[in-house]
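Below is one structure, written out as structure tokens, with a few remarks after it.
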Amino acid sequence: MQQKTPLVAPSILAADFGFLNQSVQMLNDSEADWLHLDIMDGSFVPNFSFGFPVIEAIRKSSTKPLDVHLMINEPDRYLQRFAQAGAHLISVHYEACTHLHRSIAAIKSLGCKAGVVLNPHTSVNLLDDILTEVDLVLIMSVNPGFGGQRFIENTYRKVRVLKEKLIARNASALIEIDGGVDLQNAAALVQAGADVLVAGSSVFSAKEPAKAISALKHCNTSSTIV
């Protein structure tokens, strides 16, 4: 069986913001595919992160697409601003969108790829009517808001169920995993059906972050998980 190589999207929130440009340059030179940007409003999640000026600064330095994850209430109010700031892909939470189909259509109308995010308690079955409309489904494998949390084991089951649904509908959406991703679970996630791995602490806390990214990128080539 041919082994699948995942996309790797390091989460910039875990970088040292005192040396942000150096971190972005490191990611430019690494095997990272995307840069993952977590946007938090202190309301939808109990934490704040950063806003448009930081995104714009990252966009100027980055040679990789920006994967923007909105952990905010009323995301529709800001979609155009995020697109203008340089987002390539914008993902909104199922739990934050009263009219999810409209939100996805609005993102696409701005020329961006559109994703939907599920918190750990939210069933993938709730996406049945939107799966063919989105470019990506992001499954949170920790409760959103803070980095460094322990990976939730039920994530594997959710990935497998979602993958089966996508295949049944001939849908092309990628499956992305965010939270507690490291070399201990990366290969199993990929073999369950994950396409994109978001990694924060496991990359930026490593002695050699570029090597940590490479290890995640090739996590599925050395052995087979049953």
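The values are calculated or read from the model by the stated rules, or taken from the named source; none is laboratory data. What you see is a predicted model, and the numbers here were worked out from it, not measured in a lab. When we count neighbours, we look across all protein chains shown, and the Cβ atoms used for this are built from the backbone with ideal geometry, even at glycine.
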Q3 vs. criteria modelled with pLDDT of 95 or more and exposed (fewer than 15 other Cβ atoms within 10 Å of the Cβ):
no
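Given the residues I167, I177, which is the only one that is closer than 20 Å to Q3 by Cα, surrounded by 21 or more Cβ atoms within 10 Å (Cβ to Cβ) and of a type in the set (A, V, I, L, M)? Walk me through it before giving the result.
On the way: I167 fails: surrounded by 21 or more Cβ atoms within 10 Å (Cβ to Cβ).
Among I167, I177, only I177 is closer than 20 Å to Q3 by Cα, surrounded by 21 or more Cβ atoms within 10 Å (Cβ to Cβ) and of a type in the set (A, V, I, L, M).
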Across region 157-173, what is the number of residues that are touching a strand residue (DSSP E or B) at 6+ places or on another chain (Cβ under 7 Å) and either under 13 Å from V117 (Cβ atoms) or of a type in the set (V, I, T) (or both)?
4
Go through the residues of region 44-56 one by one and say whether even a single one is small (G, A, S), crowded, with 16+ Cβ neighbours inside 10 Å and over 20 Å from I175 (Cα atoms).
yes
Which residues, counting only those in region 55-84, are hydrophobic (A, V, I, L, M, F, W, C) and more than 18 Å from the chain's Cα centre (by Cα)?
A57
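Find the helices (runs of 4 or more DSSP H) located wholly in region 153-210 whose residues include 3 or more that are among the hydrophobic types (A, V, I, L, M, F, W, C) and either within 15 Å of L138 (Cα to Cα) or in contact (Cβ under 8 Å) with a residue 40 or more places away in the chain (or both), and list them.
Values: elements: 155-168, 186-192, 201-204.
Counting at least 3 such residues, we get 155-168, 186-192.
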Counting only residues that are within 20 Å of A114 (Cβ to Cβ), not basic (K, R) and not in a helix (DSSP H, G or I), region 63-89 contains a total of 14
Do you know which residues across region 5-54 are more than 18 Å from the chain's Cα centre (by Cα) and either among the charged types (D, E, K, R) or assigned to a strand (DSSP E or B) (or both)?
D16, D29
Restricting region 68-121 to residues that are over 15 Å from E176 (Cβ atoms) and polar (S, T, N, Q), which is surrounded by the fewest Cβ atoms within 10 Å (Cβ to Cβ)?
T98
Under 8 Å between Cβ atoms, which residue pairs at least 6 apart in sequence (or on different chains) link something in region 91-104 that is closer than 17 Å to H121 by Cβ and among the acidic types (D, E) with a partner that is crowded, with 19+ Cβ neighbours inside 10 Å and at pLDDT below 95?
E95/F44
